[in-house]
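Colleague: This structure is in structure tokens; I'll ask about it shortly.
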Amino acid sequence: MEIRGDISPDRPLLVMAIDLEAEHLGTDLPVLFTGMGKVNAAVSVAAALASGPRPSEIINLGTAGALRGGLSGTHVAGTVIQHDFDEETLFRLTGVLSSPPLTVGAEDAVTLATGDSFIADDAVRARLAERAALVDMEGYAVAAAARAAGVPVRLVKHVSDEAGAGADRTWKESVADCSRALGDWLARQAL
């Protein structure tokens, strides 16, 4: 976990996994780098919110794989789910929803699936596409930690790859362009 800048109640906190995604943001807003994956994201956001002033909102910026053909550009998620959490079995065993879908934006916006695996497999992509349009590795954890602290959250993802065979190569080739696109999105916001 690394925080660049000072968190204050009158400004949003940008949350990103790694600094490669932030290279071209061009902002003076504080940025929290969580590291990759759900545990790193949840722990980092929770620690940042517990240790000092809370921001006006959290904006999770990052890259995402497209689970459906023709999907590109920058998207603000409406719903986020965990794709690698066996909610159905656990609910059947306990009667408790442990990890329900979280509404984080407009109902008609894309659904983001979060999991600890980098998706670079066509069969996995097809299975996930039945439930979501995009896939990442931190969004659900960021949203859950923000929600637990009562801080509004937005999940903003730029498509870096098609989450199928070769996605790892495509991500490495496109991360700088994704950072520029996220910086452009941020510049258009009234923050």
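The values are calculated or read from the model by the stated rules, or taken from the named source; none is laboratory data. Nothing here was measured: the structure is a model prediction, and the numbers come from that model. All Cβ positions, glycine included, derive from the backbone under ideal geometry; neighbour counts span all protein chains shown. Remember, those area values only see protein heavy atoms, side chains included, never the ligands or the DNA or RNA. Shrake-Rupley method; radii C 1.70, N 1.55, O 1.52, S 1.80 Å.
Colleague: Search region 27-42 for residues being of a type in the set (A, V, I, L, M, F, W, C) and assigned to a loop (DSSP other than H, G, I, E, B), and hand back the single one that is surrounded by the fewest Cβ atoms within 10 Å (Cβ to Cβ). Steps first, please.
Modeller: Here is the first cut: in region 27-42, the residues of a type in the set (A, V, I, L, M, F, W, C) are 29, 31-33, 36, 39, 41-42.
Those still in the list that are assigned to a loop (DSSP other than H, G, I, E, B) too: 29, 36.
Numbers: 29: 18, 36: 15.
Ranking the qualifying residues of region 27-42, first place goes to 36.
Colleague: Does any residue in region 106-126 that is farther than 19 Å from residue 138 by Cβ come within less than 6 Å, Cβ to Cβ, of a residue that is surrounded by fewer than 20 Cβ atoms within 10 Å (Cβ to Cβ) and among the small types (Gly, Ala, Ser) six or more places away or on a different chain, and which pairs are these?
Modeller: 106/78; 107/78; 122/164; 122/165
Colleague: In region 73-101, which residues are closer than 20 Å to residue 189 by Cα and exposed (fewer than 14 other Cβ atoms within 10 Å of the Cβ)?
Modeller: Correct list: 73 only.
Colleague: Same structure, new question: Look through region 170-191, keep the residues that are hydrophobic (A, V, I, L, M, F, W, C) and open to solvent by 80 Å² or more (accessible area, probe 1.4 Å), and return whichever of them is modelled with the highest pLDDT.
Modeller: Once the filter is applied, the top-ranked residue is 187.
Colleague: Of the residues in region 1-30, how many are over 15 Å from residue 149 (Cβ atoms), more than 14 Å from the chain's Cα centre (by Cα) and of a type in the set (Val, Ile, Thr)? Full working, then the answer.
Modeller: Here is the first cut: in region 1-30, the residues over 15 Å from residue 149 (Cβ atoms) are 1-6, 8, 10-11, 14, 16-30.
If we keep only those that are more than 14 Å from the chain's Cα centre (by Cα) too, we end up with 1-6, 8, 10-11, 19-20, 23-30.
In the following step, the residues that additionally are of a type in the set (Val, Ile, Thr) were identified as 3, 27.
Number of matching residues: 2.
Colleague: Let me ask another. Residues in region 53-73: is at least one among the small types (Gly, Ala, Ser), modelled with pLDDT of 95 or more and within 13 Å of residue 143 (Cα to Cα)?
Modeller: No, there is no match, as no residue in region 53-73 is among the small types (Gly, Ala, Ser), modelled with pLDDT of 95 or more and within 13 Å of residue 143 (Cα to Cα).
Colleague: Another question about this same structure. Can you tell me which residue is surrounded by the fewest Cβ atoms within 10 Å (Cβ to Cβ) among those in region 1-26 that are over 16 Å from residue 157 (Cα atoms) and of a type in the set (A, V, I, L, M)?
Modeller: 1
Colleague: Regarding region 162-169, can at least one residue be identified that is over 22 Å from residue 41 (Cβ atoms), open to solvent by less than 60 Å² (accessible area, probe 1.4 Å) and assigned to a helix (DSSP H, G or I)?
Modeller: no
Colleague: Would you point out the residue of region 108-146, among those that are among the polar types (S, T, N, Q) and either part of a loop (DSSP other than H, G, I, E, B) or open to solvent by less than 20 Å² (accessible area, probe 1.4 Å) (or both), that is nearest to residue 97 (Cα to Cα)?
Modeller: So, considering only residues that are among the polar types (S, T, N, Q) and either part of a loop (DSSP other than H, G, I, E, B) or open to solvent by less than 20 Å² (accessible area, probe 1.4 Å) (or both), the one nearest to residue 97 (Cα to Cα) is 114.
Colleague: Which residue pairs have Cβ atoms closer than 8 Å, lie 6 or more positions apart in sequence or on different chains, and pair a first residue in region 12-38 that is on the phi < 0 side of the Ramachandran plot with a second residue that is of a type in the set (Ser, Thr, Tyr) and open to solvent by 10 Å² or more (accessible area, probe 1.4 Å)?
Modeller: Listed by first residue and then by second, the contacts come to 12/56; 14/27; 21/63; 30/8; 38/140.
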